[in-house]
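These notes are about the structure you will find just below.
The values are calculated or read from the model by the stated rules, or taken from the named source; none is laboratory data. Predicted, not measured: the structure shown is a model, and the values here were computed from it. Positions of Cβ are generated from backbone atoms using ideal geometry, with glycine treated the same way; all protein chains shown enter the neighbour counts. What goes into the accessible areas is simple: the full protein's heavy atoms, side chains included, and nothing from ligands, DNA or RNA. Shrake-Rupley method; radii C 1.70, N 1.55, O 1.52, S 1.80 Å.
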Amino acid sequence: MPKKVLLIEDDEFIRDLYKRQLDMCDMFTYAFSNGTDGLKSAQENQYDLILIDIMLPGMNGLDVLRNLKATDATKNIPVILISNLGQDAVVKEGFALGAIGYLIKATFTPDQIVQEITKIFDQHTQSQAKDENRN
């Protein structure tokens, strides 16, 4: 069954590129250009994974992540942050807020981003399955 992915990225070219790559890998991708619209969609729909750019107009990606993790309906959705910011403080904050991955856009091609997303998502799914088997 195809995964439903929410992509929040303000750069139209990158957003379209990532969406096309994700869709080609049998994922249904819903894309938004700002944090407010992306957060609203996350609260109104069920996603298997959320991919968020850090630098967004209005509500930034860390604020979106903070809101997602504070809401019962969205707190368990795996979130991967993407950015060109590689600063340790930003990376640490993203993980502290509950992100399961952090990808620096400049170091990955769109195809590699999709591969990394798939790998991180698979690891997260396996980890959840192990947790469920323990309970």
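Scanning region 110-121 for residues that are open to solvent by 70 Å² or more (accessible area, probe 1.4 Å) and either within 14 Å of the chain's Cα centre (by Cα) or under 18 Å from I77 (Cβ atoms) (or both) yields Q115, K119. Residues that are open to solvent by 50 Å² or more (accessible area, probe 1.4 Å), polar (S, T, N, Q) and either part of a helix (DSSP H, G or I) or under 23 Å from D37 (Cα atoms) (or both) are absent from region 87-102. Are any of the residues in region 69-80 over 18 Å from A31 (Cβ atoms), modelled with pLDDT of 90 or more, open to solvent by 90 Å² or more (accessible area, probe 1.4 Å) and not charged (D, E, K, R)? Yes, region 69-80 contains a residue that is over 18 Å from A31 (Cβ atoms), modelled with pLDDT of 90 or more, open to solvent by 90 Å² or more (accessible area, probe 1.4 Å) and not charged (D, E, K, R). Mind checking which residues of region 1-10 are under 15 Å from the mean Cα position of the chain (by Cα) and open to solvent by 60 Å² or more (accessible area, probe 1.4 Å)? Correct list: K3, D10.
Scanning region 47-68 for residues that are open to solvent by 40 Å² or more (accessible area, probe 1.4 Å) and touching a strand residue (DSSP E or B) at 6+ places or on another chain (Cβ under 7 Å), we see that the one that is farthest from G94 (Cα to Cα) is D48.
Going through (1) part of a helix (DSSP H, G or I); (2) in contact (Cβ under 8 Å) with a residue 60 or more places away in the chain one by one, H124 falls short only on (2).
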